[in-house]
Every structure is written in C-alpha cells, then in structure tokens.
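The structure appears right after this line, and notes come after that.
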Amino acid sequence: VSGPDAEKFVNHIFTNDIRPMVPGQVLYGMMLYPDGGTVDDLLVYKEFTADHYLLVVNAANIEKDFLWIKDHAEGYDVKLVNDSDKWGQIALQGPKAEETLVKVLGFAADAAKLTFYTFKDFEDAGTRVIISRTGYTGEDGF
C-alpha cells in the first residue's frame with residue numbers, strides 16, 4: 001500500500017493504530033468484517049520510503065484478502081499492489097533461530113541485532129531480502 005493516504009487507509013482497515021509506527025517497525029493485528037468477524041490476521045511493515053506499507057497476510061488468504069482490501073480503498077488516494085507471487089518466506093523459530101540465520105545467511109549478520117517486531121532490508125546478489133524478527137510461536141524467531 002502506497003500513496004498520500006497510505007497511513008490513513010491502512011489505519012482504517014487494520015485493528016491496531018499504525019500512526020506511531022516508525023520505519024523498520026512491524027505491527028501485528030487483524031482486518032475485521034463489519035460484524036467483528038476476522039477477515040485475516042496480518043503483519044504491517046512500515047517501509048523506509050514515505051507513505052509505503054507492506055501487508056503480510058496468511059498465504060491461504062492472499063486472493064480473498066486482496067479483494068477485501070481493494071473493496072475498502074474507495075475514497076483513499078492509495079496504490080495497491082499484490083506482489084505475493086514475487087516473494088517467498090522462510091520462518092526460523094526456536095532457541096537456535098538467530099544462530100541458524102547467521103550461519104545460513106552470512107550476509108545478514110546485522111539481522112541478529114534486530115529487536116522483536118522490527119525488520120531490515122538487505123540485498124543479496126541484486127535481490128531485496130527482508131528479514132524481520134517476528135513470529136507467533138512464543139520462541140525467538142525471524
């Protein structure tokens with residue numbers, strides 16, 4: 001989600017207040033139907049470029065969620081792009097997550113310094129890599 005109304009729009013569709021977020025921060029929350037039922041839970045990433053947010057939804061709900069988001073964008077000056085097919089995700093969770101991350105992705109040693117629910121961009125072989133210290137397991141992870 002990008003554009004002049006990106007913050008206002010994401011705040012409208014998301015259960016948590018994103019206004020205090022700083023670039024590099026991640027926030028967990030939900031999108032809800034008018035009756036309070038859950039559309040999906042997701043992570044919102046405040047990007048390092050102005051007026052730009054990355055929404056990470058559950059893989060099984062990508063199409064449904066994107067349609068729902070588009071349906072709620074009327075009246076907002078935003079650009080919505082579904083880049084899901086251009087990204088892959090690997091989750092490392094558990095007591096050895098940090099050690100494994102550094103071992104497997106040697107270029108990402110700085111990622112070990114990330115605090116919970118933050119992220120950093122890296123580049124490897126000309127490809128953007130996002131590493132975030134997030135997870136739902138109760139264990140440390142990326």
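The values are calculated or read from the model by the stated rules, or taken from the named source; none is laboratory data. These numbers come from a predicted model, not from an experiment. Ideal geometry is used to build each Cβ from the backbone, glycine not excepted, and the neighbour counts take in all protein chains shown.
For Lys64, state whether it is over 26 Å from Glu139 (Cβ atoms), over 13 Å from the mean Cα position of the chain (by Cα) and not β-branched (Val, Ile, Thr).
Values: over 26 Å from Glu139 (Cβ atoms): yes; over 13 Å from the mean Cα position of the chain (by Cα): yes; not β-branched (Val, Ile, Thr): yes.
In short, yes.
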Options Asp65, Asp110, Asp83: the member that is closer than 22 Å to Asn11 by Cα, charged (D, E, K, R) and free of Cβ contacts under 8 Å to residues at least 24 places away in the same chain: Asp83
Subset of segment 105-126 (residues that are within 19 Å of Glu139 (Cα to Cα) and assigned to a helix (DSSP H, G or I)): Ala111, Ala112, Lys113
Top-ranked residue of segment 1-51 - restricted to ones that are surrounded by 13 or more Cβ atoms within 10 Å (Cβ to Cβ) and hydroxyl-bearing (Ser, Thr, Tyr), ranked as farthest from Phe119 (Cα to Cα): Thr15
Criterion (of a type in the set (Val, Ile, Thr), surrounded by 10 or more Cβ atoms within 10 Å (Cβ to Cβ) and not assigned by TED's automatic domain parsing to the domain that holds Asn11) met by exactly one of Val57, Val102: Val102
